[in-house]
1. Would you mind listing the helices (runs of 4 or more DSSP H) fully within the stretch 1-88 where at least 3 residues are of a type in the set (D, E, K, R) and farther than 28 Å from residue 373 by Cβ?
2. Need the failing condition index for residue 199 against (1) crowded, with 24+ Cβ neighbours inside 10 Å; (2) touching a residue at least 60 places away in the same chain (Cβ under 8 Å), just the number.
3. State yes or no: is residue 447 closer than 12 Å to residue 387 by Cβ and either in contact (Cβ under 8 Å) with a residue 24 or more places away in the chain or surrounded by fewer than 12 Cβ atoms within 10 Å (Cβ to Cβ) (or both)?
4. Criterion first (in contact with a Pro (Cβ under 8 Å, 6 or more places away or on another chain) and at pLDDT below 90) does residue 326 satisfy it?
5. Tell me yes or no: at least one residue of the stretch 347-359 is closer than 29 Å to residue 430 by Cα, out of contact with any Cys (no Cβ under 7 Å at 6 or more places or on another chain) and at pLDDT below 75.
6. The conditions are (1) farther than 21 Å from residue 254 by Cβ; (2) surrounded by 15 or more Cβ atoms within 10 Å (Cβ to Cβ), and residue 16 fails exactly one of them. Which is it?
7. Could you tell me which of the residues 399, 428 is of a type in the set (Lys, Arg), over 25 Å from the mean Cα position of the chain (by Cα) and loosely packed, with under 15 Cβ neighbours inside 10 Å?
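The values are calculated or read from the model by the stated rules, or taken from the named source; none is laboratory data. Model, not experiment: these values are computed from the prediction. Glycine also receives a Cβ, built like all others from the backbone with ideal geometry; neighbour counts cover every protein chain displayed.
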Amino acid sequence: MQLYNTLSAEERAIMIDDAGQQRLTLSFYAYAKIEDPKKFRDDLFVAWNALDALGRIYVANEGINAQMSIPEENLEAFRATLEVYDFMKGIRLNEAVEHDDHSFLKLTIKVRHKIVADGLNDETFDVTNIGVHLKAKEFNEILDDPNTIVVDFRNHYESEVGHFKNAITPDVETFRESLPIINEQLQNHKEDKNLVMYCTGGIRCEKASAYFKHQGFKNVYQLEGGIINYAKQLKEEGLESKFIGKNFVFDNRLGERITDDIVSQCHQCGKPCDNHTNCENDGCHLLFIQCDECKAAMENCCSSECLEIIHMPLVDQVRLRTGKQVGNKVFRKGKSENLKFKHSGELPETALATAQKPADIRQKIKVKKVLLGKAEHYYVKAQVGQFTIENHELNRGDKILISGPTTGDQQLILDKIIVDGAEIQSAKIGDKVTFEVPFRIRLSDKVYKILE
Ligand SMILES: [Zn+2]
Ligand SMILES: [Zn+2]
């Protein structure tokens with residue numbers, strides 16, 4: 001029984017393009033009592049892998065939280081895999097407004113202690129005693145009430161590119177930090193104000209609303225299904241959006257546009273911009289906002305230090321990031337002194353600019369490449385690599401990409417290739433090829449030929 005991915009993200013991207021199917025990006029969550037999360041995880045993996053479902057899913061004793069991409073034609077079959085479980089019967093699947101076939105490239109289901117890191121001890125309060133769920137129309141109405149305080153339960157990098165008008169946007173990096181801050185700030189309004197909250201998909205508010213009710217807040221409301229579901233209802237019902245800007249999302253799209261308003265600035269030059277970038281330096285991966293001009297000038301880097309590093313010989317780059325655990329992460333959520341136009345806490349209520357066209361949501365230009373094969377040996381030192389060619393052919397002078405979770409993406413041009421101890425011009429399927437590399441090769445590394 002296969003319980004783990006057998007394809008790399010690159011191979012998956014190629015497969016999705018070849019299959020030519022439409023995919024849906026969706027999310028859902030459910031709080032429940034799950035006795036054996038490990039078994040639950042394995043059962044889901046088997047069922048979903050068969051449906052070509054991809055995504056990032058967390059399961060815990062307290063429930064499930066899933067962000068996924070599934071082939072449109074498998075939607076009903078996918079729903080059936082959820083209906084098997086009583087607590088997911090009739091579950092609402094939040095569909096994304098903008099779909100990208102590459103929103104997820106792996107099926108990753110992880111067993112966690114909690115589905116949302118809230119730092120709370122569940123024994124102290126009843127998580128099922130939640131706030132009143134509001135649909136988009138009701139949410140708009142309550143925002144017009146002068147007695148309403150609206151709080152954004154997301155993090156600084158999320159609220160920066162889009163938020164509800166007049167919302168309190170805590171300057172926090174994690175959900176768990178925002179709970180005590182807001183509790184403190186609103187101490188004197190436990191009875192007289194409507195405490196209205198929202199988050200990306202609704203899951204954080206389920207916990208937050210129960211927490212605030214437990215803290216003595218009398219009138220607690222939450223946006224049902226979060227901003228994702230709000231945006232969907234705006235479209236369906238033709239409602240006015242009281243949310244301005246973009247909804248940050250945790251997949252490869254990094255955000256979906258809700259209104260044309262751009263409320264944030266390029267962190268490097270200050271120009272209105274709301275496109276997040278993941279710093280190109282594999283030893284950094286800082287998430288920040290960067291305009292197209294700065295992207296070109298800085299080559300996707302967050303600082304001149306990172307720009308300098310990406311131009312260093314690969315062997316030095318690898319040495320510099322030794323011991324740093326950033327290689328596998330999608331991005332790092334910290335802040336940096338170098339970014340002069342980063343804002344958090346107090347955010348603008350009006351647009352700084354209007355988005356011209358539907359934003360290009362793909363953050364990086366894709367390199368056209370074809371998979372040649374995989375590494376044969378693990379090497380202790382940077383020196384040589386041996387790969388078996390399983391596809392296509394490899395020629396002297398080819399530009400190749402070696403890619404793996406620890407190695408990252410490394411490009412090089414081959415001026416010498418060796419098969420069976422002899423230097424050759426061209427290697428074919430089945431050949432074991434050896435060539436020099438300025439870094440260490442891992443068994444998980446794959447080699448691609450770059451097509452230009
Ligand atoms: Zn800029
Ligand atoms: Zn950087």
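1. Values: elements: 9-19, 37-49, 75-83.
Answer list for the stretch 1-88: 37-49, 75-83.
2. So residue 199 meets the others, but not (2).
3. Working: closer than 12 Å to residue 387 by Cβ: yes; either in contact (Cβ under 8 Å) with a residue 24 or more places away in the chain or surrounded by fewer than 12 Cβ atoms within 10 Å (Cβ to Cβ) (or both): yes.
Considered against the rule, which asks whether it is closer than 12 Å to residue 387 by Cβ and either in contact (Cβ under 8 Å) with a residue 24 or more places away in the chain or surrounded by fewer than 12 Cβ atoms within 10 Å (Cβ to Cβ) (or both), residue 447 comes out as yes.
4. In short, no.
5. no
6. (1)
7. Numbers: 399 fails: loosely packed, with under 15 Cβ neighbours inside 10 Å.
Answer to the selection: 428.
Conditions (1) buried (at least 20 other Cβ atoms within 10 Å of the Cβ); (2) away from ligand 1 (no atom under 16 Å from the Cβ); (3) under 29 Å from residue 139 (Cα atoms), marked per residue:
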{"residue": "243", "(1), (2), (3)": "yes, yes, yes"}
{"residue": "251", "(1), (2), (3)": "yes, yes, yes"}
{"residue": "254", "(1), (2), (3)": "yes, yes, yes"}
{"residue": "286", "(1), (2), (3)": "yes, no, no"}
{"residue": "304", "(1), (2), (3)": "no, no, no"}
